[in-house]
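Written out below as structure tokens is the structure these notes cover.
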Amino acid sequence: MYTAPKFKRQTLALACACAALFVGTEALAAGAAAAANAPRAGAPRAEVIHWWTSGGESAAVKQVAQAYRAAGGVWVDTAIAGGDQSRAVTVNRIVGGNPPTAAQFNTSKQFFDIIEQGMLNNVDDVARAQNWDKLLPEPIVSVIKVDGHYYAVPLNIHMQTWIWYSKAAFQKAGIAKEPASVPEFFAALDKLKAAGIVPLAHGGQAWQETILFSAMLANLGGKDLYLKVLRERDPKAIASPAFRNVLLAYKRLQSYVDARSPGRNWNDATAMLISGKAGMQIMGDWAKGEFTAAKQVPEQQFGCIAGLAPNAPYLMQGDVFVFPKTRNAQAVQAQKLLASVVVAPNTQLAFSKLKGSVPVRTDVDASQADACAQKGIAIMKDRSRHLGVSEVYLTPDQNGALQDVLTAYWNTNMTVEKAQKNIAAALSE
Amino acid sequence: MSRPIRAVTPYAALLPMALTVIVAYLGTMAWTLRTSFTASRTFPSDKFIGMTQYERLFDNERWMLSLNNLALYGLLFILACLVIGFLLAVFIDQNVSGEGVLRTVFLYPYAMSFVATGLVWQWLLTPGTGIDGAIASMGFPDFVFDWIVDQDMAIYTIVIATVWQSAGLVMALMLAGLRGIDGDIWKAARLDGIPTWRVYVSIIVPMLWPTVATVFLLLATSVVKLYDAVVAMTQGGPGTASEVPAKFIMDHLFLRSNIGLASAGAIMLLVPVVALLAPYAYARSRSGRERGRA
């Protein structure tokens, strides 16, 4: 799951309570298991901080815990509701000198400063043994490998810009074939509008607007422009007519959302697709969980489109574990064991199946995955289509500044030239 | 007890509080000021970069918009709270029956966390449901109340909700002030045949001045730290329309790993507080001294 935004505010209190309960019961369970197995002296004990507290997520992380126990380790679960909160606790504990054995971050530059400060252990042994250079997609390697050392182990890959559509709405609007190019996509939106359906279900929050922008940049601008703008932060590319077109297309999407979208949560937007009130939504693959919960099946009640061109980029994000620095030999052993367990094909598949993501490696048995995940795994095999989300290339600060501009451009009558200028300024820091 | 020990005792008793003030308040303030001159990101750094963070701050459109919003919000919020709070206090002061119940009702919003009531307000204000939906279903299908999703009106929904929360507190303080006024003044005014409203405007309000000053200070500090209402109701949206400085600071502190810029913002927020507080403290200390002399 993509951390905080997914978090439903209405369930805040409940989630906190559940998290507290979860930590409690998990600790009890761990204690009971340890007692039953008669604690082996010297078994590598790993305390793991993460924010997988919702139903599907906690089921997913239990798969990792089980695999770790099966490999002879002792798993101590520290679940903290909310990504921001969880990361803040991790950083505070690292600074305070009482770090966990491993901690969750997003596959992004969130932990770059911690690496730079020399506060993480590397897992080069495991990476070399499993040949991560060849095994893992380049955008993921680019954030977890710094100065030739691997500092994190990836758990999964979420694709941020899936286009979900309601088959019922498409039928009502007379759309026979799912759009396969940007013009076809806009034509479909027009048809939905004409049929009196909300063409694009959208939650008006800054991060969701950034997803729409990323979708346009990747599908309309293409991989080269995407990297020039977000990785090189090239002012010339940002001032180019091609990028101007991307921004115009992004803004054009706004004419297809309903007036009540501002502030809406992403899952409420997905619910509009489920009920057939809206036609399409651009959202990460965590949205699949909402369809599944409503007993809808991919390719039957709803469809998923990965990109609007035959070689459209696959925008990756996901979760990793980092390993805070420690000199305790046993803790280092636990960190290495966890790293190798996490990348193992079975763990990857079991975790992603419950999480709605896809494994970081393509040499897994895809037949177990659902139809949309299978599409994703197939695309992943083409390394030229690998691309990261904006957070993979930008610091949290730059990414936030970009979001501010994008959401202001979306919501106000800011001109496209001004947006280009402001984006250049946001990325120049 | 010997004389020297007795002389030292009050200072010893004050020491814990003094230490708290020096370390926890002044110390963190000094640390924030120092951090605001550095290039700190996730961690505090020793790389000093002068005023760069401040320059960046005032080049930032979101920060400037936040300041604008805060000024507009502050003006409306304080005015509305003072007027409504005062009127409520006057109303209760008319010896209405059930005063205890009414007082509790008006003060109740203040006793609840805004994180919870803010969500309720959000539901109430969401177009299609809440107030908008309720009135539409009562037979006015054309009724639209969509301020919370409107660029230009979102900030006013925050004013409405926070006035609802704070007016009760203002009422309680004003009521205490009204009750402190000598009954003879009312009797004298009645003998002279002065209309009630005139007594309030010309006599009571000027006499309530110290209470008003206290209330103003309380409200002003709650304006500067406005955060929970925005997060619960609009998350700064639509777009950046209802962003406020405290949210800018929190976002940069925790989400965007830029404690340098966040510290610069925090220092800039401290400036108006000090500007408000200093004259007040000065006036208080002067009047205290004069009273001491008399």
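Summary of values
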read-out: Subset of the range B:276-286 (residues that are free of Cβ contacts under 8 Å to residues at least 12 places away in the same chain and either outside any helix (DSSP H, G or I) or under 21 Å from B:LEU75 (Cα atoms) (or both)); value: B:ALA278, B:PRO279
read-out: Those residues of the range A:35-49 which are modelled with pLDDT of 90 or more and part of a loop (DSSP other than H, G, I, E, B), in sequence order; value: A:PRO44
read-out: Residues being within 14 Å of chain B (Cβ to nearest Cβ) and on the phi < 0 side of the Ramachandran plot - total across the range A:228-268; value: 13
read-out: Whichever residue in the range A:73-105 is in contact with a Ser or Thr (Cβ under 6 Å, 6 or more places away or on another chain) and more than 11 Å from every other protein chain (Cβ to nearest Cβ) and, among such residues, is farthest from A:TRP51 (Cα to Cα); value: A:ALA103
read-out: Scan of the range B:39-56 for residues that are under 29 Å from the mean Cα position of the chain (by Cα) and within 12 Å of chain A (Cβ to nearest Cβ), ordered by number; value: B:GLN53, B:GLU55, B:ARG56
read-out: Restricting the range A:399-418 to residues that are surrounded by fewer than 24 Cβ atoms within 10 Å (Cβ to Cβ) and either touching an Asp or Glu at 6+ places or on another chain (Cβ under 6 Å) or assigned to a loop (DSSP other than H, G, I, E, B) (or both), the residue that is farthest from the other protein chains (Cβ to nearest Cβ); value: A:THR415
read-out: Residue count for the range A:91-127, restricted to those that are charged (D, E, K, R), over 25 Å from A:TRP75 (Cβ atoms) and without any contact (Cβ under 8 Å) to a residue 40 or more places away in the chain; value: 2
read-out: Members of the range A:324-359 that are closer than 12 Å to A:PRO154 by Cα and hydrophobic (A, V, I, L, M, F, W, C); value: A:LEU338, A:ALA339, A:VAL341, A:VAL342, A:VAL343, A:ALA344, A:PHE351, A:VAL358
read-out: Some residue of the range B:251-258 being within 14 Å of chain A (Cβ to nearest Cβ) and in contact with a Gly (Cβ under 6 Å, 6 or more places away or on another chain); value: yes
read-out: Scan of the range A:211-227 for residues that are within 14 Å of chain B (Cβ to nearest Cβ) and buried (at least 24 other Cβ atoms within 10 Å of the Cβ), ordered by number; value: A:PHE213
read-out: Unmet requirement for B:VAL273, which otherwise passes all of (1) crowded, with 17+ Cβ neighbours inside 10 Å; (2) of a type in the set (A, V, I, L, M); (3) touching a Ser or Thr at 6+ places or on another chain (Cβ under 8 Å); value: (1)
read-out: Filter result (crowded, with 16+ Cβ neighbours inside 10 Å and either more than 30 Å from the chain's Cα centre (by Cα) or not hydrophobic (A, V, I, L, M, F, W, C) (or both)) within the range B:8-38; value: B:THR32, B:THR35, B:SER36, B:THR38
read-out: Within the range B:148-163, considering residues that are buried (at least 19 other Cβ atoms within 10 Å of the Cβ) and more than 20 Å from B:ILE78 (Cβ to Cβ), the one farthest from the other protein chains (Cβ to nearest Cβ); value: B:ILE148
read-out: Residues that are farther than 19 Å from A:THR347 by Cβ, under 23 Å from the mean Cα position of the chain (by Cα) and in a helix (DSSP H, G or I), drawn from the range A:50-102; value: A:GLY55, A:GLY83, A:ASP84, A:GLN85, A:SER86, A:ARG87, A:ALA88, A:VAL89, A:THR90, A:VAL91
read-out: Checklist (1) farther than 20 Å from A:GLY83 by Cβ; (2) at pLDDT below 95 applied to A:ALA287, failing item; value: (1)
read-out: Boolean, A:ALA350 is free of Cβ contacts under 8 Å to residues at least 60 places away in the same chain and either more than 24 Å from A:ARG231 (Cα to Cα) or buried (at least 21 other Cβ atoms within 10 Å of the Cβ) (or both); value: no
read-out: Wholly enclosed helices (runs of 4 or more DSSP H) of the range B:12-100 bearing at least 3 residues touching a Gly at 6+ places or on another chain (Cβ under 9 Å) and closer than 29 Å to B:SER242 by Cα; value: B:52-59, B:61-92
read-out: The range B:93-114 residues that are surrounded by 11 or more Cβ atoms within 10 Å (Cβ to Cβ), paired with ones that are among the small types (Gly, Ala, Ser) (beta carbon under 6 Å, 6 or more apart); value: B:PHE106/B:GLY168; B:LEU107/B:GLY168; B:LEU107/B:ALA172; B:PRO109/B:GLY168; B:TYR110/B:GLY168; B:PHE114/B:ALA229
read-out: Residue list for the range B:127-147, filter: within 16 Å of B:ALA241 (Cα to Cα) and facing another protein chain (nearest Cβ under 8 Å); value: B:ASP146
read-out: Pair list, Cβ under 6 Å, 6 or more apart: the range B:41-62 residue over 16 Å from B:ARG256 (Cβ atoms), other residue in a helix (DSSP H, G or I); value: B:TYR54/B:ALA264
read-out: Output for the range A:76-98, where each listed residue is closer than 14 Å to B:PHE43 by Cβ and surrounded by 17 or more Cβ atoms within 10 Å (Cβ to Cβ); value: A:ARG87, A:THR90, A:VAL91, A:ARG93, A:ILE94
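Residues checked against (1) farther than 21 Å from B:PRO272 by Cβ; (2) more than 14 Å from chain A (Cβ to nearest Cβ); (3) surrounded by fewer than 16 Cβ atoms within 10 Å (Cβ to Cβ):
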| position | (1), (2), (3) |
| --- | --- |
| B:GLN165 | yes, yes, no |
| B:ARG190 | yes, yes, yes |
| B:ILE194 | yes, yes, yes |
| B:VAL215 | no, yes, no |
| B:SER242 | no, no, no |
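Here is a yes/no grid of residues against (1) in a loop (DSSP other than H, G, I, E, B); (2) outside the structural domain of A:ARG244 (by TED's automatic domain parsing); (3) in contact with a strand residue (DSSP E or B) (Cβ under 9 Å, 6 or more places away or on another chain):
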| position | (1), (2), (3) |
| --- | --- |
| A:PRO179 | yes, no, yes |
| A:PHE185 | no, no, yes |
| A:ALA188 | no, no, yes |
| A:LEU192 | no, no, yes |
| A:GLY196 | yes, no, no |
| A:HIS202 | yes, no, yes |
| A:TRP207 | no, no, no |
| A:PHE213 | no, no, no |
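Residue by residue, here is whether (1) acidic (Asp, Glu); (2) touching a Gly at 6+ places or on another chain (Cβ under 7 Å) holds:
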{"site": "A:ASN98", "(1), (2)": "no, no"}
{"site": "A:LYS109", "(1), (2)": "no, no"}
{"site": "A:MET119", "(1), (2)": "no, no"}
{"site": "A:ASN122", "(1), (2)": "no, no"}
{"site": "A:GLN130", "(1), (2)": "no, no"}
{"site": "A:LEU155", "(1), (2)": "no, yes"}
{"site": "A:ASP190", "(1), (2)": "yes, no"}
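The values are calculated or read from the model by the stated rules, or taken from the named source; none is laboratory data. These numbers come from a predicted model, not from an experiment. Cβ coordinates were reconstructed from backbone atoms using ideal geometry, including for glycine residues, and neighbour counts include every protein chain displayed.
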